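Before I ask anything, here is the structure I am working with.
The values are calculated or read from the model by the stated rules, or taken from the named source; none is laboratory data. Quantities reported herein were computed from a predicted structural model and do not represent experimental measurements. Here the Cβ positions follow ideal geometry from the backbone for every residue, glycine too, while neighbour counts run over all protein chains shown. All accessible areas refer to the heavy atoms of the entire protein, side chains included, with ligands and DNA or RNA removed. Shrake-Rupley method; radii C 1.70, N 1.55, O 1.52, S 1.80 Å.
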Amino acid sequence: MSRISQESQESADVSAAIDAELQLLDPRVRASRSLAARLLDPEFVEVGASGRRWTYEEMLAALPELDGGGGARFETSRMGGVVLAPGIVHLTYETDFGGRRARRSSLWRRRDGETGWRMYYHQATPVPVAE
């Protein structure tokens, strides 16, 4: 693969992961177990802003009740990403939800034979009020 072709593919992969991340922040997706399940990897793990560790099943069960599941939306900023390896994209960004800010980091992966990206890992860290 040529360098330009590789860069184009990496850019497309980052864009696809960003699109999937934004879908997962959509209140309609968060309220639907089936829609959210298509975006979370079966081996998914999250360390939330509260410090709680979530598994795939725990997250799918709780997602409709968590922030952003009741119709209010997360405001996102500074979202960007990088391809770490073929099939692995790392995204970073910030969110604001009702004045509570968090810095977020997600790993998205696409396995061989699959067309879509799935969130493998997510971490949120609260932004101190002074910042």
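Remind me, relative contact order of the chain in percent, using alpha carbon pairs under 8 angstrom and six or more residues apart?
Reported as a whole number, the value is 25 percent.
Counting heavy atoms of the protein chains only and a 1.4 Å probe, report the per residue accessible area for the stretch 19-96 as a whole number of Å².
I get 52 Å² per residue for the stretch 19-96.
Moving on. Out of L91, A61, M119, whose Cα points farthest toward the positive end of the dipole of the chain (charges: +1 Lys, Arg; -1 Asp, Glu; placed on Cβ)?
A61
A further question on this structure: May I ask for the distance between the Cα centers of the stretch 95-118 and the stretch 1-44, given as a whole number of Å?
If you average the Cα positions of each part, the centres end up 7 Å apart.
Within the chain, what whole-number % of the accessible surface is contributed by carbon and sulfur, with the 1.4 Å probe and all protein chains included in the calculation?
Roughly 51 percent, rounded to a whole number.
Here's something else I'd like to know. Translational diffusion coefficient, Stokes-Einstein: compute it for the stretch 69-131 using the Kirkwood radius over C-alpha pairs as Rh, at 4 °C and 1.567 mPa s, and state it as an integer in µm² s⁻¹. Spell out each step's value before the answer.
Values: Rh = 13.1 Å.
In µm²/s, the coefficient rounds to 99.
Rounded to the nearest 10 Å², what accessible area does D19 show when all protein chains are kept and the probe is 1.4 Å?
So the heavy atoms of D19 present about 80 Å² to solvent.
Using only Cα atoms, find the angle between the long axis of helix 3-25 and the longest principal axis of the chain, and express it within 0 to 90 degrees, rounded to the nearest 10.
Orientation of helix 3-25: about 20 degrees from the principal axis.
Could I ask something else about it? Let me test this: with uniform point scatterers at the alpha carbons of the stretch 1-55, what is the Debye-based log₁₀ I(q)/I(0) at q = 0.14 1/Å?
Computed log10 I(q)/I(0) values: -0.54.
Also, I was wondering about something else. Consider all pairwise Cα distances in the stretch 23-131 and report the whole-number % of them above 22 Å.
On the way: 1680 of 5886 pairs.
Tail of the P(r) past 22 Å holds 29 percent of the pairs.
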